[in-house]
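Structure record follows, encoded as structure tokens.
Just so you know, all these numbers are worked out from the coordinates, no wet-lab data involved. Remember, predicted model here, so these are calculated numbers, not experimental data. Using ideal geometry, Cβ is built from the backbone for each residue, glycine included, and neighbour counts are taken over all protein chains shown.
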Amino acid sequence: MTPQKENKYKNTYKPLFIVLLISLVCLIALVSLNLNESQKTIPKVKLSYFKNYSEFTSAIEQRLHLELGQAKHIWIGVEPEKMNHVSFALNLKNELEKSHGQFDKIILDKELGVTNDLALQFGAIQEVLIKENIGEFSDLIKEHVDQKVLVITASIYSTNLLKLNPIYKIKENFSYKPITFSTGHLALNLDDEKNNLFRCDTEDKTGVGDWGCAIINKARSAKRKIDLQKLKDNQNLILGLVDLTGESDYMVLLRANN
């Protein structure tokens, strides 16, 4: 091959090489960005199988014993109409009181629509419509800021992942740092994601899309580790995990197998 032809081929392939190099750099950057997005939450209780909610909440208390012992206020957010989430909240409340003493005040969000019989199991409670009376509720929280208080409300009101929800507004009102646990559905597959109460919608107009996306993204990353045969063979197993989403905020994904 003559030197002239060799230079010609070099000049022809040089722009193509540059385009491929730029494409590779962009791809690496995109993958890195996606990894960073998926790593916003930090695992605290890894995906595990539990015999019942008592065993699950005991694992949470043991893992976060020091933080929970120092906390004055704790919020438990549940998804309305999902009884397994309410059962989780009741068991966590009992576990916390067993390890750290009784709460001075328990506030139950009326919007959850918990039955009277189930509400009585939480003990002496004060029922409040939190979202509709955020000003009065904020004053109630401030009034009892030095006491041990448990708030049971909706997950979208307790999570730090949503802006302008009740807990966000209270934190804006005064310095307030409770520990929060916000529950979501642990979907096993794409079809099961239909059972998620809140959707992951890129054109979300409800203001809760970020919470829906956090649940789905975590569930999708976790489902590779789920032994479906184990769930099939043990119908009473509960599947659960806990991730840190903020300074003292936790996302709890759970699934009752029956």
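Segment LEU120..GLN70, full-extension length gain: 15.3 nm, with 0.36 nm per residue of separation and the alpha-carbon distance subtracted.
Where in segment 168-188 does the label zone of MET83 land, with the point 7 angstrom along Cα→C-beta and an amide N cut-off under 20 Å? Correct set: 183-186. Multiplying the residue separation of ASN189 and GLU136 by 0.36 nm and removing their Cα-Cα distance gives an extension gain of 14.9 nm.
Taking 0.36 nm per residue of separation and subtracting the Cα-Cα distance, full extension of the segment from ASN236 to LYS205 would add 7.4 nm.
Order of 223-236, 46-59, 146-159 by packing, highest average Cβ count within 10 Å first? Could you put the intermediate results ahead of the total?
Details: 223-236: 11.6, 46-59: 17.5, 146-159: 22.9.
Going by the mean number of other Cβ atoms within 10 Å, highest first, we get 146-159, 46-59, 223-236.
At q = 0.10, 0.14 Å⁻¹ the log10 of I(q)/I(0) for segment 43-256 amounts to -0.41, -0.82, computed by Debye summation with a single uniform scatterer per C-alpha, solvent ignored. Please find the FRET efficiency linking VAL145 to GLN102, where r is the Cβ-Cβ separation and R0 is fixed at 22 Å, and quote it to the nearest 0.05. Once the sixth-power term is evaluated, E becomes 0.80.
Pairs of C-alpha atoms in segment 32-118 farther apart than 20 Å represent 46 percent of all such pairs.
Computing FRET efficiency as 1/(1 + (r/R0)^6) for ARG220 and LEU129, where r is the C-beta to C-beta distance and R0 is 45 Å, gives about 0.85. In this entry, segment 82-188 is assigned a mean projected area of 7.3 nm², taken as a quarter of its C-alpha convex hull surface. Residues in segment 146-158 carry Karplus couplings, in order, of 9, 9, 7, 10, 10, 10, 10, 9, 7, 4, 6, 9, 9 Hz; the curve used is 6.51 cos²θ - 1.76 cosθ + 1.60 with θ = phi - 60°, and Gly or Pro positions show x.
For segment 108-124, the Karplus equation 6.51 cos²θ - 1.76 cosθ + 1.60, evaluated at θ = phi - 60°, returns couplings of 10, 6, 4, 4, 5, x, 5, 5, 4, 4, 6, 4, 5, 5, 7, x, 6 Hz by residue, with Gly and Pro reported as x.
List the residues whose amide H sits under 5 Å from the amide H of VAL78, counting only those 5 or more places along or on another chain, with H placed 1.01 Å from N in the peptide plane. Long-range HN contacts for VAL78: THR153, ALA154, SER155, THR183.
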